[in-house]
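Peer 1: Dumping the structure here so I can ask a few things about it.
Every number in this text was worked out from the coordinates using simple rules, so none of it is lab data. The model shown is predicted, which means the values in this text are computed figures rather than measured ones. Cβ sites come from the backbone with ideal geometry, for glycine too, and all protein chains shown count toward neighbours.
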Number of protein chains: 4
Amino acid sequence: MPREKPTSPEEAIALMKRVAVQGSGFSRFAGVEPLVCWEGKSELLLELRPDLTQHHGFAHGAVIGMMADNACAWAAASVAGDVVTSNYTLNFLAPAKGERLRAHGHVLRAGKRQVVCRAEVWSEADGTDPILAAIATATITPLG
Amino acid sequence: MPREKPTSPEEAIALMKRVAVQGSGFSRFAGVEPLVCWEGKSELLLELRPDLTQHHGFAHGAVIGMMADNACAWAAASVAGDVVTSNYTLNFLAPAKGERLRAHGHVLRAGKRQVVCRAEVWSEADGTDPILAAIATATITPLG
Amino acid sequence: MPREKPTSPEEAIALMKRVAVQGSGFSRFAGVEPLVCWEGKSELLLELRPDLTQHHGFAHGAVIGMMADNACAWAAASVAGDVVTSNYTLNFLAPAKGERLRAHGHVLRAGKRQVVCRAEVWSEADGTDPILAAIATATITPLG
Amino acid sequence: MPREKPTSPEEAIALMKRVAVQGSGFSRFAGVEPLVCWEGKSELLLELRPDLTQHHGFAHGAVIGMMADNACAWAAASVAGDVVTSNYTLNFLAPAKGERLRAHGHVLRAGKRQVVCRAEVWSEADGTDPILAAIATATITPLG
C-alpha cells in the first residue's frame, strides 16, 4: 500500500493504480481496476478472462478472494495509509458466472492497532442483475 | 473437483492434475502442482514467479489464499469426491518471501453435509528453513 | 431450534421463547429476549448483569458471542426451520460497556445445504448512542 | 488479562485464577478452571451443568466459544502479558454431549501487533474417548 497521503479521490485512484496495481506482478496480471478508494470506502472492477476461472468456468476462488481482500485493504488504506492484511473470512454465496467482478469495501472500525472492514463481491453480466458471489470480513493492520 | 473415485494415491494425483489444475484456467496459469491428495491429506507445491507477487515482491495474498483453499478442498475431495468451498478463514503469519510455496491440508471432520479442514502454507527457499506464511480453516461442502 | 413452522411474527417469538430460550439452560440463565424472528431477520435483547461480565466489567466475550450466534441462527431458523450453527467468525470492535446488548441478524443467502447470515451486536446505555460492539458472519446448517 | 509477569507455571495458574476467573463475573459463574498457561500453551477444564447447556442438553455454543476464546487468549497472555481478543473463527465439529469440556490453546505466531493462536475444545465423559467438539483460530492483540 502507498505511504503517500492523497489529497483528493482522483489522486487516491491514481496512487492505487501506480503502487498497488502496477507495482504488483499479480494485480497487473489480473488487471484489477480501482474505481473508489476514499474516506473508508472502496470499489474495484475486474474483467473476467479464461485464465481467471476455475474448472467450471466461473471466476476462480482465489480471484474472488483477491477482490474481497483488496476491497477491504484499500478501504482501510484510505483512512490508515500503509496497511497489511492480517486475516479475513471469506464466504462464497453463489457461483461467479458473470463477465466481470465488482467489489465494494468499507471500514467498520478504524483503530490504531487494527482496521476492521467488510466487503461484498458481485458477479455482473450485461442484461442481468448482479449476483452477490461472496462476502468477507477482514482485519487490516496499519503499518504507520 | 473430479467426480471419479481414484483407486490409488498415484491415480488421485493424475486426476487432480487433469481436472483441478489443467481444467482450470487460473490454476494452469499459476502452475500449482499436486503432490498428495489421499485419505484426507493433501500437499501442493507452487514455484513463485514475478507475476505471482504483490508490491513488496512477496507471494500475493490471493496466491497464498489459493494454496490454502486448494489444500483444504483437495484434502476434502480425497474423502468426499466432488466438493465446493463454502467458506474459509485465512490468517497471514509472515511475509512469503521464498522461492516457492508448499501447502499441507488435512480433514478434521468429514460429515455428510460438510467437511472441515485445516491448511498450512509454508514459504520455502533453498538453504533456509521453511517459514509458516499462513494458516486456514475451511468448510467444504460435498456435492455428491 | 423449533421444528414447528410459525404462521405469524408473534407466534414465531412465542415459539422461540419456549424452545430456544426456556428449553436451554444457558439461555434461560442469561435471560436473552427474542424480539424479532421473521422472514430472515432477527432481533434479540439482553440486560447485562455482573455475572455476564468479564474482568473489566464489560459484557463477556462469550455473552457477545452468544448474542451474535443466536441472532444468526434465529434469522436462519425463520426461513429454514430447525438449524444448527456450523461456524462463525466474530470480530470485536469496541468494549461492550453498556447496560444491555441488542443483536440484529439477517440472512444473506439461504441455500438447501447452508444459510449464510450476518449479525451486529450493539451495546446500549440510556442517554447515549448505541455502540457497535461486535459483528459476526455465520454459516448455519438446516437439519430438515 | 493480568499485567503481572508470573515467574513459574504455578504462579501463572494462580494469577489466572485470581484475575481472569475470579475477577470475571461470567467466568466465575461458569467455573472454568485453568490448568496450564505457560510458554505459549494453555489448558482449561469446565464441568458441564444444566445451566451451561442448550436445548438438546449439549454444552451451549457460547460456552464452547468461551472455552475456545479463553484457551487462545490465555496462551497468548503467557507470552504477551495483558491482551484482548480481536477476532476468532469457531467451527463446531460435533455435539458436546460429555460431562466436561477441555480446551487446549497454543500460540502459532507472536508478533508485536498481534498474536495468532489455535484452540481445540474436547468433550469428555468417563469411560469413553474424548470427542473434538470445536476448533478455533483467534487473533489476540497485546495491550502492553
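Peer 1: DSSP loop trypsin sites (Lys or Arg not before Pro) in segment A:1-101 with at most 11 other Cβ atoms within 10 Å of their Cβ, which ones? Don't skip to the end; give the middle numbers.
Peer 2: Numbers: sites: A:Arg3, A:Lys17, A:Arg18, A:Arg28, A:Lys41, A:Lys97, A:Arg100; in loops: A:Arg3, A:Lys97.
Loop-located and lightly packed - A:Arg3.
Peer 1: What is the distance in Å between the Cα centroid of segment D:69-131 and that of segment B:78-144?
Peer 2: Each part reduced to its Cα centre gives a spacing of 20 Å.
Peer 1: Additional query: Defining the label point at 7 Å along Cα→Cβ, can you sort the distances from C:Leu45 to the same site in each other copy, shortest first, in nm?
Peer 2: Label-point separations across copies, in nm and ascending: 4.2, 4.7, 6.2.
Peer 1: One decimal, nm, shortest first: give the distances between the label point of A:Thr128 and those of the same position in the other copies, each label point 7 Å from Cα along Cα→Cβ.
Peer 2: In ascending order, 4.5, 4.7, 4.9 nm.
Peer 1: Can you classify the protein assembly as shown as rounded, prolate or oblate using the Cα gyration tensor, where a ≥ b ≥ c are the square roots of its eigenvalues, rounded means a/c under 1.5, and otherwise it's prolate if a/b beats b/c and oblate if not?
Peer 2: rounded
Peer 1: So, R0 is 51 Å and r is the distance between the beta-carbons of C:Ile131 and B:Lys17; what FRET efficiency does that work out to, to 0.05?
Peer 2: Details: r = 52 Å, r/R0 = 1.02.
With a Förster radius of 51 Å, E is 0.45.
Peer 1: Here is a follow-up. Checking the table B:Lys17/D:Lys112; A:Lys17/D:Lys112; D:Lys41/D:Lys112; D:Lys5/D:Lys97; A:Lys97/B:Lys17; B:Lys5/D:Lys97 against a 29 Å threshold on Cα-Cα, which pairs fail?
Peer 2: Violating the 29 Å limit, Cα to Cα: B:Lys17/D:Lys112; A:Lys17/D:Lys112; D:Lys5/D:Lys97; B:Lys5/D:Lys97.
Peer 1: What shape does segment D:9-142 take by its C-alpha gyration tensor, where a ≥ b ≥ c are the square roots of the eigenvalues and a/c under 1.5 counts as rounded, a/b above b/c as prolate, and the rest as oblate?
Peer 2: The shape class here is prolate.
Peer 1: I would also like to ask the following. Hey, in chain C, which Cys have no second cysteine's beta-carbon closer than 4.7 Å?
Peer 2: Cysteines of chain C left without a disulfide-compatible partner: C:Cys37.
Peer 1: Treating the beta-carbon of each Lys and Arg as +1 and of each Asp and Glu as -1, no other charges, what is the dipole magnitude of segment A:9-142 about its Cα centre, to the nearest 20 debye? Could the numbers behind the result be given before it?
Peer 2: On the way: 12 positive and 14 negative charges, 95 e Å.
Using Cβ point charges on Lys, Arg, Asp and Glu, segment A:9-142 gives about 460 debye.
Peer 1: Which distances, shortest first and in nm, link A:Glu10 to the matching position in the other copies, using label points set 7 Å out along Cα to C-beta?
Peer 2: Spacings between copies for this position, smallest first, are 6.0, 6.5, 7.3 nm.
Peer 1: Still on this structure: How big is the dipole moment of segment B:1-71 about its Cα centre under a simple scheme where the beta carbon of each Lys and Arg is +1, that of each Asp and Glu is -1, and everything else is neutral? Debye, nearest 20, please.
Peer 2: 180
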